[in-house]
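Bear in mind that the values in this text are calculations on the coordinates, not laboratory data. Values in this document were obtained by computation on a predicted structure and should not be read as measured data. Because the Cβ atoms are built from the backbone with ideal geometry, glycine has one as well, and the counts that use them run over all protein chains shown.
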Amino acid sequence: MEMLAFSDVHASQYLNLLITSLNKYQIKDIDAIVLAGDIVDRGKAESMELTIRILKQFYSNLFKRPIVIAIFGNEEYMGTEDLYYHKYPEIVWLNETSHVLNLNKLEVCFIGSRGVLKKPTVWQEKNIKNIRLIYSERLKSISEAIVKCKENKYYTVLVTHYASSYLTIYGEKPSIYPYLGYPIIEELMIRPDIAIHGHAHNATRLEAVIKDTVIYNVSLPARRGVTFITLRP
């Protein structure tokens, strides 16, 4: 089973890069699409339509089931989630939630979260009440969701916008690692099979393995294109 994944379109900043990349692989068969946040820029929910329109040109069949999974990034502002649910119901939106899909007879449990920062940004500290508590609760929620999916013997995919490992943000300045993500995969006792994240635009190490977990940074500007991920049970 193969998935197409990307993040950080910041529509329309990297829209042409997305089109160029999809044109390169337009005959490639895929079973699901994962959008890992920051598809829009500065909370402009209406610009999500630009990316959806492009994806439908290449993979319209995947919007009918639906098997397009999306999470929110920091640019899809907290508190605006209902706008996306209403405007884009053809997408399975995950917001600290999970969803199981049967893909080519493989039961896949997708866990979706904006993710966690080890240190909130200065803006977040000033503008988001109880942001440290929010991150603490997200860590707990992610861990519990992974345990539940694994107990049910699902193939488990964790999708976050913020980095879920520090290995796949290498290339960014080490001093800003805490503001790009949290080493979730390094710390978990029970891990997902695959972890997908974005956010780190300047990373140069984009894949890593911790124990049996494969981690992918699918940031479009970091990759200079989309990412194809093969699921091997």
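Quick check on the range 2-230: of the DSSP beta bridges with both residues there, what percent are antiparallel, nearest 5%?
35 percent
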Share, in percent, of DSSP beta bridges within the range 57-132 that are antiparallel, nearest 5: 70 percent
By average C-beta atoms within 10 angstrom, highest first, the peptides 125-133, 168-176: 168-176, 125-133
Candidates for log10 I(q)/I(0) by the Debye sum over Cα atoms at q = 0.08, 0.09, 0.14 Å⁻¹ are [x] -0.29, -0.37, -0.86; [y] -0.41, -0.50, -0.98; [z] -0.25, -0.32, -0.83, and the calculated one carries label [z]
I need Leu139, Leu188, Leu35 ordered by Cβ neighbour count within 10 Å, fewest first. Leu139, Leu188, Leu35
Report the FRET efficiency, 1/(1 + (r/R0)^6), for Met189 and Lys118, where r is their Cβ-Cβ distance and R0 is 30 Å, rounded to 0.05. 0.95
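Which entries of Lys44/Lys87; Lys44/Lys126; Lys64/Lys148 have Cα-Cα distances beyond 24 Å here? Present the calculation step by step, with values, prior to reporting the outcome.
Working: Lys44/Lys87 12 Å; Lys44/Lys126 22 Å; Lys64/Lys148 28 Å.
Over 24 Å apart, Cα to Cα: Lys64/Lys148.
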Using only alpha carbon pairs under 8 Å that are at least six residues apart, calculate the relative contact order of the range 2-230 and give it in whole percent. 23 percent
